[in-house]
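Bear in mind that the values in this text are calculations on the coordinates, not laboratory data. Since the model is a prediction, treat every value here as computed from it, not as a measurement. As a convention, Cβ positions derive from the backbone with ideal geometry for all residues, glycine included, and neighbour counts pool all protein chains shown.
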Amino acid sequence: MTIISIDGVHKSFGDNRVLRGIDLVVKEGESLIVAGRSGSGKSVLLKCILGLVRIDQGSIRFHGEPLTDRKRTEFLEHFGMLFQGGALFDSLPVWQNVAFRLLRGKQKRPPGEARAVAIDKLGRVGLEPDIADLYPAELSGGMQKRVSLARAIAADPSVIFFDEPTTGLDPVMADVINDLIRGIVDELGATAVTITHDISSVRAIGDQIAMIHGGTIGWYGPVADMDRSGNPHMEKFLGRHRRVDTQAQVPRNGSDRPSAPDRDG
């Protein structure tokens, strides 16, 4: 069943035509990757879905209903969001960050109950209860990202958006976050939409991938098929990452011998 359908969506900023007719469907329980180079319009598309940016033309539907202002408010009650920079509130302790949605609005719960849920979700992302009363500034970048992930799932959403989930993380922590996301999406049975240009995240998280190029969907299909897509836009995207991987494996002195250590150790 289709959860979100995007039909002929256009969005321009002045003379800059960012989205030029996006057609895309997000199916229930699927993990969709929206990929593309920097500036391709990935984040603009996400903002259009969330209503942060008003589209110029086209339609966005949730369960077949147009996302009018009233319907979008209803839609937002069912979603979770992992922001690119984490977007934690520095003035709130960790548990209040995680339980932010549970402390206000329609899903408001007593503080003790909200705290218990927050600690449970922290455990789900591999964090101990003793960090609940710390503040974000007291945590490492990787721990902050996990707290943000715990907040995204605190209300057990049916749809979760991930905006560049591994930005700013080292490769080891990026792999941890990717594995956590995949596990959580499967565990909740949630529908996931991930905005990323990281090929590791694509392979670890995604079921389907939509490649944005030139303001439209340049290629769409299963992640398992992207290496043999034959699509020039996808090949270029994958080729760029393959070159990076190859360069990382070649010793700097151009031989099979390891480079000599620096004189200063």
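Here is how the numbers come out for the structure above:
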| quantity | calculated |
| --- | --- |
| From phi via Karplus (6.51, -1.76, 1.60), per-residue ³J(HN,Hα) for the range 174-189 in Hz, x at Gly/Pro | 4, 5, 4, 5, 4, 5, 4, 4, 4, x, 5, 4, 5, 5, 7, x |
| Rel. contact order, % - alpha carbon contacts under 8 angstrom, at least six apart, the range 86-156 | 46 percent |
| Cα-based convex hull, the range 86-156, per residue volume (Å³, whole number) | 76 Å³ |
| Dipole in debye (nearest 20) - the chain, about Cα centre, beta carbon charges: Lys, Arg +1; Asp, Glu -1 | 680 debye |
| Burial ordering of 145, 11, 236, fewest other beta-carbon atoms within 10 Å first | 236, 11, 145 |
| Local electrostatic count at residue 35 - Lys and Arg +1, Asp and Glu -1, tallied over other residues with Cβ under 10 Å | +1 |
| In nm, spacing of pseudo-spin labels at residue 120 and residue 65 (7 Å Cα→C-beta vector) | 2.7 nm |
| If the convex hull is drawn through the Cα atoms of the range 167-227, its volume per residue in Å³ | 96 Å³ |
| Value of Rg/Rh across the chain [Cα atoms, Kirkwood radius] | 1.01 |
| Alpha-carbon centroid distance for the pair the range 76-92 / the range 46-71, whole angstrom | 20 Å |
| Charge-dipole axis of the chain as Lys and Arg at +1 and Asp and Glu at -1 on Cβ define it, positive-most pick from 66, 141, 25 | 66 |
| Top of 117, 53, 185 by mean-square fluctuation, Gaussian network on the chain, Cα under 10 Å | 53 |
| Taking only Cα atoms of the range 35-109, radius of gyration then Dmax in Å | 15.1, 42 |
